[in-house]
Amino acid sequence: QVPLKPGRSLMDWIRLTKSGKDLTGLKGRLIEVTENELAKHNKKEDCWICIRGFVYNVTPYMEYHPGGEDELMKAAGTDGTDLFDQVHRWVNYESMLKECLVGRMAVKPLAAPKETSSTLSEEKKQLNGVLPEKKILGASAKDLTPSYDWFQTDSLVTIVIYTKQKVMNAELVIVDCQDKQLRGEIIVDDHSYLVEVDLDHAVQEDLAVNIAEKIGKVEIILKKKDSIHWKMLGQPLEGHNTFIKCTDRGLFYRKCKLVSKTEVTHDTKLFCLMLPKSTHLRVPTGHHVYLKQIIAGTEVVKPYTPVLPFLLLDFKEQSHHDGAHIYLMIKIYSCGLFTQALDRLQIGDYISVSNPEGNFKKSQVETSEDLFLLAAGTGFTPMVKLLNFALTEASCLRTVKLIFFNKTEDDILWRNHLEQLALKDERFEVQFILSQPMKDWVGKQGKISSSLLSEFVKRSRRDSKVLICICGPTPFTEQGIQYLKDLGYSQEEIHAFTA
């Protein structure tokens, strides 16, 4: 994120796109763009970018881009799909940039195959410079591809997915059933297997998911609305029975109801959203979801990391931890288009929530002896579930330390919870650091620096295994990583939460 000039907010951009102004320079025409033509438009004042086969003139958008002009210029005159996917695959660029659409990329003529054999390998069949998604899997990969079957009784329909994984848990299974459309997704490492059908008959809202963790079998149990015999499970939908990379799978959203909204600090609130009865979804530790809202006719999407309802959970009492609710701690910005719209939501209103995304693995904590969490402001949110997991399930940890940076005392999220947790568990320590404290503040002050980190981030033993997690505004995270590397910590010992 970079500071934008006045009059260059998201709302200003939406107004510009609705003004009728010609943002492509083509007076409403759509053209076919060759690679040579695309390459010519590579300057700030004339910048075209291709995303998934469509070309956009992003010149008018330059000053409105939250990541700054330099980020956009990295893809100037080229296919920016990979770069876009790395940085913000979640952004609905079609909606944001629809008035900037120049046209489609021209399909490249296929080179005549050199082989005389008619079985031209799948790897070499290229269309528009992109390999077909369904690459032929080798025999060993085929054996590991999940499969499914289904059976029925008078009242139930059971879909069984054989994941062929020795370890399977509730966080790797996402099921939604909306208006007879069933979508069951299984996450296998960086791949996704999907069962997606328009069911033959109507089913009741509440579904059940059973997971045989050790043998990797997943059952989705649906209750029939009418006790009739189904001739088939249903009509397969577009993604049905596919096993592809997670990044190639579009984000899926479901509408969740706002059930409560409570103040955490003067500008931060805890939102509790209830998942539909027909959804099974558990957000893994360290992963985020996206919220989607229609603002002034444009789809706007933002990432947030779910937290727990409070830190001092009595873990025998799971009522708030039941998987039916998602808790989000969100800072409301006075001039933030998205957070202001969120804050205006009334109890009972709905908002779209995506499937979880993220690359954090709990095993990183389970193999560490010292865990350091560096958080700035709402960068605290990924640390909540992480703290909970570390102190209740990671028995190998000797020390868990949170170094929490804020401007003022009033900005500290859940200070009371954190101080009580430090009293309750002797492995846990919290250090608050303020950049704009009042005169009576007796704690540490300053911003993230090499000297502050060298004081607080220390191995408990000379060769102890360390994990350092960091989250906050981009400059904070980038500086923090550099300081940690200067202090001798390796890339493998550092995990940055970014979305």
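Some notes on this structure:
- At least 1 residues being under 17 Å from the mean Cα position of the chain (by Cα) is the threshold, and among the strands (runs of 3 or more DSSP E) wholly inside the stretch 320-397 those reaching it are 325-331, 350-354.
- Residue selection: L222 fails the criterion of being over 17 Å from D179 (Cα atoms) and either in contact with a helix residue (DSSP H, G or I) (Cβ under 6 Å, 6 or more places away or on another chain) or open to solvent by less than 10 Å² (accessible area, probe 1.4 Å) (or both).
This table checks each residue for (1) under 19 Å from T285 (Cα atoms); (2) out of contact with any helix residue (DSSP H, G or I) (no Cβ under 6 Å at 6 or more places or on another chain); (3) at pLDDT 95 or above; (4) not assigned by the TED database to the domain that holds F271.
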{"site": "L313", "(1), (2), (3), (4)": "yes, yes, no, no"}
{"site": "Q318", "(1), (2), (3), (4)": "yes, yes, no, no"}
{"site": "H321", "(1), (2), (3), (4)": "yes, yes, no, no"}
{"site": "I326", "(1), (2), (3), (4)": "yes, yes, yes, no"}
{"site": "C335", "(1), (2), (3), (4)": "no, yes, no, no"}
{"site": "F338", "(1), (2), (3), (4)": "no, yes, no, no"}
{"site": "D343", "(1), (2), (3), (4)": "no, yes, yes, no"}
{"site": "I351", "(1), (2), (3), (4)": "no, yes, yes, no"}
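- When P276, P236 are checked against the criterion of being under 28 Å from I221 (Cα atoms), open to solvent by 40 Å² or more (accessible area, probe 1.4 Å) and out of contact with any Phe, Trp or Tyr (no Cβ under 8 Å at 6 or more places or on another chain), P236 stands alone in meeting it.
One line per residue, one yes/no per condition, for (1) among the polar types (S, T, N, Q); (2) open to solvent by less than 20 Å² (accessible area, probe 1.4 Å); (3) closer than 22 Å to R15 by Cα:
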{"position": "Y56", "(1), (2), (3)": "no, yes, yes"}
{"position": "P60", "(1), (2), (3)": "no, no, yes"}
{"position": "G67", "(1), (2), (3)": "no, no, yes"}
{"position": "M73", "(1), (2), (3)": "no, no, no"}
{"position": "T78", "(1), (2), (3)": "yes, no, no"}
{"position": "Y93", "(1), (2), (3)": "no, yes, yes"}
{"position": "E99", "(1), (2), (3)": "no, no, yes"}
{"position": "R104", "(1), (2), (3)": "no, no, no"}
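- Looking only at the stretch 76-114, and only at residues there that are hydroxyl-bearing (S, T, Y) and in a helix (DSSP H, G or I), the one that is modelled with the highest pLDDT: T81
- Residue in the stretch 1-13 that is open to solvent by less than 20 Å² (accessible area, probe 1.4 Å), aliphatic (A, V, I, L, M) and touching a residue at least 12 places away in the same chain (Cβ under 8 Å) present: no
- The residue that is surrounded by the fewest Cβ atoms within 10 Å (Cβ to Cβ), among those in the stretch 368-426 that are of a type in the set (S, T, Y) and farther than 19 Å from P309 by Cβ, is S395.
- Going through (1) at pLDDT 90 or above; (2) within 25 Å of the chain's Cα centre (by Cα); (3) within 16 Å of F243 (Cα to Cα) one by one, K134 falls short only on (1).
- Within the stretch 192-214, considering residues that are in a loop (DSSP other than H, G, I, E, B) and touching a residue at least 24 places away in the same chain (Cβ under 8 Å), the one surrounded by the most Cβ atoms within 10 Å (Cβ to Cβ): L207
- Cβ separations smaller than 6 Å between residues 6+ apart or across chains give the following pairs from the stretch 439-467 residues that are over 16 Å from E429 (Cβ atoms) and touching a residue at least 40 places away in the same chain (Cβ under 8 Å) to residues that are outside any strand (DSSP E or B) and among the polar types (S, T, N, Q): K447/S435; I448/Q479; K465/S368.
- Candidate set from the stretch 21-36 (those that are in contact with a strand residue (DSSP E or B) (Cβ under 9 Å, 6 or more places away or on another chain) and either without any contact (Cβ under 8 Å) to a residue 60 or more places away in the chain or part of a loop (DSSP other than H, G, I, E, B) (or both)); member that is most open to solvent (accessible area, probe 1.4 Å): R29
- Candidate set: the stretch 245-266, residues that are among the hydrophobic types (A, V, I, L, M, F, W, C) and touching an Asp or Glu at 6+ places or on another chain (Cβ under 6 Å); chosen: the one most open to solvent (accessible area, probe 1.4 Å): C246
- Residue check for L83: open to solvent by less than 60 Å² (accessible area, probe 1.4 Å), out of contact with any strand residue (DSSP E or B) (no Cβ under 7 Å at 6 or more places or on another chain) and free of Cβ contacts under 8 Å to residues at least 24 places away in the same chain: yes
- Per-region count, the stretch 428-443, residues open to solvent by less than 100 Å² (accessible area, probe 1.4 Å) and within 33 Å of the chain's Cα centre (by Cα): 8
The values are calculated or read from the model by the stated rules, or taken from the named source; none is laboratory data. Predicted model only: the values in this text are computed from it and were never measured. Here the Cβ is made from the backbone with ideal geometry for all residues, glycine too, and neighbour counts use every protein chain on show. Accessible surface areas use protein heavy atoms only, side chains included; no ligands, DNA or RNA. Shrake-Rupley method; radii C 1.70, N 1.55, O 1.52, S 1.80 Å.
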